[in-house]
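Accompanying notes for the structure given below.
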Amino acid sequence: MTTLEKISVGDVLPDLAYDVTSTTVVLGALASRDWRPMHHDHHFAVERQGVQDIFLNSPNQGAWLERFVTDWTGPKGRLGRLRFKMRKPIFPGDTMVIEGVVRDVSVDASACGWVELDLTIRVGDVICTESEAKVAVPTSPDDNPWQRHGDTWNP
Amino acid sequence: MTDVAATDLPADVQTLIGELQYEEQGEFPVERGYFWTSAASVENANPIFWDDAVADEITDGPVAPLTLLSAWFRPHHWAPGRTVEKLPLQIHFDLKARFGLPEAIMTENVTTFHEPIRPGDLITSAQRLVSVSDEQTRRLGTGRFWVIDVEYRNQHGELCGVERWTGFGYRRDA
């Protein structure tokens, strides 16, 4: 389990590489109830959208980033905020690589420990998605960010 | 860029800025099957989704993957008696129509997570137009950026999350 005192600015998270397939794209879209055709219909994506294939939808990219962050924090890590900007689509056949580095470590007024991360999803040398995450991590082995509510949870 | 209010905004659009619109309850109670399908779609082995004992210990029972937030207000693809497709993020489509911009993309999303969502929750969403930019020309074409917030609350009125979407509606330049 990761606790705040073990984390420093500049720490690099373990990369996550994944070979994207059509199943990855379709499963991700349907899991997030996104029925738009560019995430399951090759002809629509190519002929209407002018891209090479169906591509990962936004909520599923969020799910990949959530997984990446909590793989590192462990289950007590609680995401407070996630920002992402999609620069290029991610297609079947791409090997996407999610990378992250710690930008800031802090404790707020309610004693909640926070880590801010800069994240990217890259395919080859191209950054497809830029992201920032703010995740609460325990300040001690007995702390649990999931027990915070109301005034003690300020993401 | 996108948060700057337009100087040429029509009055009917200006009056919508800051107003809560399209408040509605999700079409079904939150169901746990989606938790597993979502976690499986990204091979997320976090035990709070898969192991009830861990979920009881850490999260006081099962919780939804946080990034599944928007799923709870996405309408069914079809429903009996529905003659017009129901769209998520209706303000986005309203603005496309209002400004005659046939194409649109979402360029940025910022989500803030509050109370976790649990099986059986009834989630209400509401949309708020935050800003609309002046018309501008980008690589894709000419159009406007807009920022829309979607707030999600559970059946107790507790805030579960806020999604802030930045969209760009545009027409392809000839």
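Using the Cα centre as the reference, give the magnitude of the dipole from point charges on the C-beta atoms of the protein assembly as shown (Lys, Arg: +1; Asp, Glu: -1; all else neutral), rounded to the nearest 20 debye. Taking the Cα centre of the protein assembly as shown as origin, the dipole is about 880 debye. Charges were assigned to the Cβ only: +1 to each Lys and Arg, -1 to each Asp and Glu. The resulting dipole of chain B about its Cα centre is roughly 780 debye. Mean partner shielding of peptide B:106-119, defined as the number of other chain Cβ atoms within 10 Å of each residue Cβ, is 5. Per residue, chain B reaches -5500 deg cm²/dmol at 222 nm when only DSSP H runs of four or more residues are counted, each adding -39500 (n - 2.57).
For B:Glu103 and B:Gln155, FRET efficiency with R0 = 45 Å and r from the beta-carbon atoms, rounded to 0.05?
0.75
Here segment B:1-65 is assigned +1 on the Cβ of each Lys and Arg and -1 on the Cβ of each Asp and Glu. Its dipole about the Cα centre then comes out at about 140 debye. Its Cα gyration tensor gives segment A:67-120 an equivalent ellipsoid, and the semi-axes of that ellipsoid, as √(5λ) in whole Å with the largest first, are 27, 12, 9.
A probe of 1.4 angstrom, applied to the heavy atoms of all protein chains, finds A:Val126 with accessible area near 60 square angstrom. The accessible area of A:Glu47, taken with all protein chains in place and a 1.4 Å probe, comes to roughly 140 Å². Projecting the Cα atoms of A:Val102, B:Gln90, B:Gln136 onto the charge dipole of the protein assembly as shown, computed from C-beta unit charges around the Cα centre, puts B:Gln136 farthest toward the positive end. Please go through the residue pairs A:Lys6/A:Lys88; A:Lys85/B:Lys96; A:Lys88/A:Lys134; A:Lys76/B:Lys86 and name each one whose alpha carbons sit more than 27 Å apart in this structure. Beyond 27 Å between Cα atoms: A:Lys6/A:Lys88; A:Lys76/B:Lys86. Neighbouring Cβ atoms from other chains, within 10 Å of the Cβ of residues in B:61-68, number 5 on average. For the pair A:Thr152 and A:Lys6, a Förster radius of 22 Å applied to the C-beta separation gives a FRET efficiency near 0.45, rounded to the nearest 0.05.
Of B:Asp149, A:Asp15, the residue with the largest accessible area leads and the full order is A:Asp15, B:Asp149 (1.4 Å probe). Normalised size of the protein assembly as shown, defined as Cα radius of gyration per 2.2 N^0.38 Å with N residues, equals 0.99.
Sorted from longest to shortest, the spans of the Cα atoms of chain B along the three principal axes equal 58, 35, 28 Å. Estimated at 0.36 nm per residue, the fully extended path between B:Gln25 and B:Ala45 surpasses their Cα-Cα distance by 4.2 nm. Note on B:Leu20: accessible area approximately 80 square angstrom, rounded to 10, probe 1.4 Å, nucleic acids and ligands left out.
The values are calculated or read from the model by the stated rules, or taken from the named source; none is laboratory data. Just so it is clear, the model here is predicted, and its values are computed rather than measured. Don't worry about glycine lacking a Cβ; one is built from the backbone with ideal geometry, like all the others, and counts go over all protein chains shown. Heads up: the accessible areas ignore ligands, DNA and RNA and are worked out on the full protein's heavy atoms, side chains in. Shrake-Rupley method; radii C 1.70, N 1.55, O 1.52, S 1.80 Å.
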